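Have a look at the structure below before the remarks.
Read the figures in this text as sums done on the coordinates, not as results from a lab. All of these numbers come straight from a predicted model, not from anything done at the bench. We place every Cβ from the backbone using ideal geometry, glycine too, and count neighbours over all the protein chains shown.
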Amino acid sequence: MKGKKIMITGASSGIGWSAAETLAAEGGHLILCGRRESRLKELQAQLETPSHLLVFDVGDRKTVFEKINSLPKAFSSIDILINNAGNAHGLNPVHKADLNDWDAMIDSNVKGLMYVTKAVLPSMVSKKNGHIINLGSIAGKEVYPNGSVYCSSKFAVDAFTQGLRLDLNPLGIKVSAIHPGLVDTEFSKVRFKGDKYKASQVYKELTPLQAKDVANVILYIAQAPDHVNIADVLLLPKAQANTYVTNRKS
Ligand code: NAP
């Protein structure tokens, strides 16, 4: 990990933030991405490893390419891309859902992840080396009520990951995905538009994963020997059996 150039999208919170701390502790040189610059600066200030900030919305196609193409030489040849930026917006049946929520999820979780990948790939392709780790979700393996578009976006991440692995196989570039269940981050606060009560109900009476649990798996995947690709990981808290069966009193 020492000296590897690692780009993390969505580093300003939750899983991305914890992944940055974990990979920095192993000596990675980080490109920290997100829209909230102040949060990225706060993170950067506590890391004892070289890092560079890129502030952009992953769904803004033109800016994604401009920002990634503007990386200084010390950071421009990315070894590991962690495509983590994304969120759920709303939890409603299709007929009651807000189209703006749909756009936000498709723009960040699907198009954003694809744009960032496309922008980072040229240097990996030219050196015939690299590793892309995508954050999917159990929602990308199994649909749950009222989550049709978030689930669609994560099914798309799963399909894109599989397609990417096929396309990049001849080039020696590894592609992996982690699909977590319930993780206690700002995710539910964002989904319920700041409603703390609704967000807290998601994790009520069970022990969810912490961001650090996911970050540890990211590190494990990133550190696997070169000939090993941990391609697909479904990571659940003990109390969760699938998207809707949970043991709430555990
Ligand atoms: P979080 O704490 O809300 O973090 C989401 C991160 O994504 C933030 O850093 C946010 O940064 C960034 N982001 C969101 N939309 C963006 C956009 N349009 N452009 C750039 N950055 C954007 O949630 P989290 O749980 O860590 O989520 C990380 C990933 O894990 C997501 O892909 C999520 O779908 C997935 N996941 C989460 C859970 C869970 O239960 N928490 C379960 C399965 C999968 P800014 O707001 O600063 O831009």
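Residue count for the range 201-238 under the criterion of being part of a loop (DSSP other than H, G, I, E, B) and over 17 Å from G181 (Cβ atoms): the result is 8. Candidates in the range 132-146 are the residues that are on the phi < 0 side of the Ramachandran plot and more than 13 Å from the ligand (Cβ to nearest atom); of these, the one that is nearest to the chain's Cα centre (by Cα) is I132.
Out of V228, V245, which single residue is loosely packed, with under 12 Cβ neighbours inside 10 Å, away from the ligand (no atom under 12 Å from the Cβ), aliphatic (A, V, I, L, M) and more than 22 Å from the chain's Cα centre (by Cα)?
Numbers: V228 fails: more than 22 Å from the chain's Cα centre (by Cα).
Within the list V228, V245, the selection yields V245.
Here N129 meets each of (1) within 22 Å of L219 (Cβ to Cβ); (2) under 15 Å from the mean Cα position of the chain (by Cα) with one exception, condition (2). Of the helices (runs of 4 or more DSSP H) lying entirely inside the range 1-101, those containing at least 3 residues that are within 14 Å of the ligand (Cβ to nearest atom) span 14-25, 37-46, 61-69. For first residues located in the range 122-146 and farther than 28 Å from D226 by Cβ, partners that are assigned to a helix (DSSP H, G or I) and more than 16 Å from the ligand (Cβ to nearest atom) and lie 6+ apart or on another chain with Cβ distances below 9 Å form the pairs N146/V94; N146/K96. If you go through the range 147-187 and pick out every residue that is in contact (Cβ under 8 Å) with a residue 40 or more places away in the chain and near the ligand (Cβ under 9 Å from one of its atoms), you end up with 13. The combined condition, being touching a His at 6+ places or on another chain (Cβ under 8 Å) and surrounded by fewer than 19 Cβ atoms within 10 Å (Cβ to Cβ), is not fulfilled by K196.
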